[in-house]
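Please read the structure below before turning to the comments.
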Amino acid sequence: MKSKALKWLSAVPLAIALTISLSACGGGSADSSSSPTNALAGSDQQSLDKYTTKDVTALDAIDKSKLGLIVPGTITVGTLSDAPPNIYIDKDGKFTGFDNELLRAVAAKLGLKLEFKSTDFAGLLAQVQNKTFDVGSSSISTTDKRRQNVGFSNGYDFGYMAVVAKTSAAVKGFKDLTKDTRVGVVQGSVQDDYVTNTLQIEPVRFSDYNSLYANLKTGQIDAWVAPSQQASGQVKDGDGTAIVESIINTQNFVAYAVNSQNQPLIDALNSGLDAVVADGTWSSLSKQWYPERANPTDWKPGSKAVAFPKG
């Protein structure tokens, strides 16, 4: 089973942790551990994340006429179509996945509609900043580099990065990725940045997850450095592939991207996010979409003021 293929790590070397600035990803190598919670040591959101707001504006104080939406009353969302369980189109043609269903819940708290539009990840942040979309929903890691070009909501998820390889391959983890390895990544992703700049390997870049995974299965590439959530959504029993190593990293959270000048919309999303955390919706969706995932005990979504409901 693919869940048994995950290799949880007890620690991430400091040099790599400081270098990669990943959220829906992590990086590096360390001693293996049978306990996934051991990998979360040092992931305290309060100390690592200087961007999370102390609190949020009350929902009833949000002025929906000031949100700068492309279509008043509707959030136009750029998202991907092929990255389950986070962002994808289901068999009925509905944009769904954890990220998009959570955004639906946030929008409902704000009394706003959503219109989803498919795009490639490589162009998504630029499209948000140039106002083609109001919001980008794509398990986006909030790196400092990205913050130079686009704004973000508070975090709604943590992330982790994986190496996927054929079960017959010599690649069994990050330590096996060398300049002679044909490593596939989605163009413009933090995995692209990690492989290129941290590992100093020139990757094989793809515009979408489906094409990348198809090339891995046929042996055109040797390994895929992937967001673990997307890897778990792609890898199926019988594919001849496995998630050979996975590393949790909560230093840079996953958030919705917004035009950097649109603070009213960022504030509104933060308010809605706190509301769905407080009423249990976030926890319910997390369990629905990641039934086998262990959430960090020292990390939470939303502002620093929000609390999970008791019980």
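Residues in the range 181-200 that are farther than 16 Å from K166 by Cα, surrounded by 20 or more Cβ atoms within 10 Å (Cβ to Cβ) and over 19 Å from the mean Cα position of the chain (by Cα): how many?
Selection size over the range 181-200: 1.
Yes or no: T52 assigned to a loop (DSSP other than H, G, I, E, B), surrounded by 19 or more Cβ atoms within 10 Å (Cβ to Cβ) and either β-branched (V, I, T) or at pLDDT below 50 (or both)?
Considered against the rule, which asks whether it is assigned to a loop (DSSP other than H, G, I, E, B), surrounded by 19 or more Cβ atoms within 10 Å (Cβ to Cβ) and either β-branched (V, I, T) or at pLDDT below 50 (or both), T52 comes out as yes.
Consider Y213 carefully, then state whether it is crowded, with 24+ Cβ neighbours inside 10 Å and closer than 23 Å to I62 by Cβ.
Spelling it out, it is not the case that Y213 is crowded, with 24+ Cβ neighbours inside 10 Å and closer than 23 Å to I62 by Cβ.
The values are calculated or read from the model by the stated rules, or taken from the named source; none is laboratory data. Worth saying up front: this structure is predicted, and the values here are computed from it rather than measured. We place every Cβ from the backbone using ideal geometry, glycine too, and count neighbours over all the protein chains shown.
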